[in-house]
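K.L.:
One structure, as structure tokens, below. Some questions next.
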Amino acid sequence: MKVSDIIRALESLAPPSLAAEGDNVGLTVGDPSANVTKLLLCVDLTEPVLAEAAAARAGMVMSYHPVIYRPVHRVTATDAPMAYAAARRGLAVYSVHTALDAAPGGANDALAEIMGLRNCRPLEPLVRRDQCKLVAFVPPEDLSRVADAAFAAGGGRIGKYHDCAFFSHGIGAFCGGPGTHPKIGHSGEHEATEEIRLELVAARSCVDEVCAAMRAAHSYETPAIDVYPLEDYPDGCGLGRVGKPTPPVSASVLITRIKKATGLKRVLVAQPPTRGRRAKAARRVATAACCAGACGSLFGRAIEAGATFYLTGEMRHHDALAATRGGMTVVCLGHSNSERIALAHLADGLKQMLPKLKVAVSKSDSDPFEIA
């Protein structure tokens, strides 16, 4: 099996288009054409994980965090030690990071699952602004020619569908100024004629090519083409999750579930001030939220969504104070501990898609912090 085969599977589970802007997801080290029989999954590529990969004869590592996050000018043992070590060993390294955070079935859904949340939705829905809507007004006899030109230039693609468009009939009115040569009527005269409104989408990266192709295929001297920026909210995609424990349970029950699922003996807990331990234990959570990694700053969104319990990786001191003042119980697992739970889910998905590939979750990968 090729590295490129594994990349296709990973990208179907965690599409790079869902990643945060500037996040270095994808193949960081390696040759897409290299052969691989075993894949090792981890959160961070460290020396122990490298040794484990070598002992297991894994040809590729899926490191949740990018092994090169910020741009480097040199891949040396000093400037990019882990990338350098992986390259020396011929090890391919791929990272999913925020693409898996935002993807349905990814890291945040894994956290929601261990909490027993139902009817989940993203805490911060993903907004895509990489497409535009193009609207052109064409005479009926031009419709096929203009639409085909737009499709050939990259317009009209929605997901796995192509040549997508919408047509509607109407009347167009105009009056040509001095020096114009209208196709219909004469310069200086008001005209009205049947036209068809052609609508299609195009990626921002190719809007200029699609507009140029439509103008070239249009019979009007000055075609009317409008471009509207679009916002798209992919279903179920975005940071965090908010949902409801069914039935509502106490915060202490949720904390017990979290510890059991993650294998952590201790977690950081911040709770609203109440009178007596019994009151804390009896507090029922009807709505809870979670967000893997360094997402403490999203507690405000969780409160707005009605959550009284928030699970994350890490949170700033003053954010924890503000959250508890707002009546919220906060649980912090440690940054990578909140993400590691997703590796088993990812492994299961890869095994189903690539049954001939040996997939293992690293045993030496761990959070750099522990509560002593």
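K.L.:
All but one of (1) out of contact with any Phe, Trp or Tyr (no Cβ under 8 Å at 6 or more places or on another chain); (2) β-branched (V, I, T); (3) not in a loop (DSSP other than H, G, I, E, B) hold for I184; state the number of the condition that does not hold.
P.N.:
Single failed check for I184: (3).
K.L.:
Check whether at least one residue in the range 336-354 is buried (at least 16 other Cβ atoms within 10 Å of the Cβ), acidic (D, E) and touching a Phe, Trp or Tyr at 6+ places or on another chain (Cβ under 6 Å), and report yes or no.
P.N.:
For the range 336-354, residues buried (at least 16 other Cβ atoms within 10 Å of the Cβ), acidic (D, E) and touching a Phe, Trp or Tyr at 6+ places or on another chain (Cβ under 6 Å): present.
K.L.:
Test V207 against the criterion of being in the same structural domain as P140 (by TED's automatic domain parsing), within 16 Å of L230 (Cα to Cα) and in contact with a Cys (Cβ under 6 Å, 6 or more places away or on another chain), and give yes or no. Steps first, answer last, please.
P.N.:
On the way: in the same structural domain as P140 (by TED's automatic domain parsing): yes; within 16 Å of L230 (Cα to Cα): yes; in contact with a Cys (Cβ under 6 Å, 6 or more places away or on another chain): yes.
Yes, satisfied.
K.L.:
Next question. Evaluate the range 105-114: report whether one residue or more is under 30 Å from P245 (Cα atoms), charged (D, E, K, R), surrounded by 14 or more Cβ atoms within 10 Å (Cβ to Cβ) and modelled with pLDDT of 95 or more.
P.N.:
Yes; the residues of the range 105-114 include at least one that is under 30 Å from P245 (Cα atoms), charged (D, E, K, R), surrounded by 14 or more Cβ atoms within 10 Å (Cβ to Cβ) and modelled with pLDDT of 95 or more.
K.L.:
Report, ordered by the first and then the second residue, all pairs with beta carbons closer than 8 Å, sequence separation of six or more or different chains, a first member in the range 173-191 that is assigned by TED's automatic domain parsing to the domain that holds T222, and a second member that is of a type in the set (A, V, I, L, M) and loosely packed, with under 13 Cβ neighbours inside 10 Å.
P.N.:
Partner pairs satisfying both residue conditions: A173/A192; H190/A173; E191/A173.
K.L.:
Name the helices (runs of 4 or more DSSP H) wholly within the range 80-156 that hold at least 1 residues that are in contact (Cβ under 8 Å) with a residue 24 or more places away in the chain and outside the structural domain of E21 (by TED's automatic domain parsing)?
P.N.:
Filter on the range 80-156 gives 97-102, 107-115, 143-152.
K.L.:
Residues that are basic (K, R) and at pLDDT 95 or above, at least 3 per element: which helices (runs of 4 or more DSSP H) completely within the range 206-320 meet that?
P.N.:
Correct list: 251-262.
K.L.:
Report, by residue number, each residue of the range 13-29 that is touching a residue at least 60 places away in the same chain (Cβ under 8 Å) and farther than 10 Å from L100 by Cβ.
P.N.:
Selection gives P16, S17, A20, D23, N24, G26, L27, T28, V29.
The values are calculated or read from the model by the stated rules, or taken from the named source; none is laboratory data. Only a predicted model underlies this, so the values are computations on that prediction, with no experimental measurement involved. All Cβ positions, even for glycine, are placed from backbone atoms using ideal geometry, and neighbour counts span all protein chains on display.
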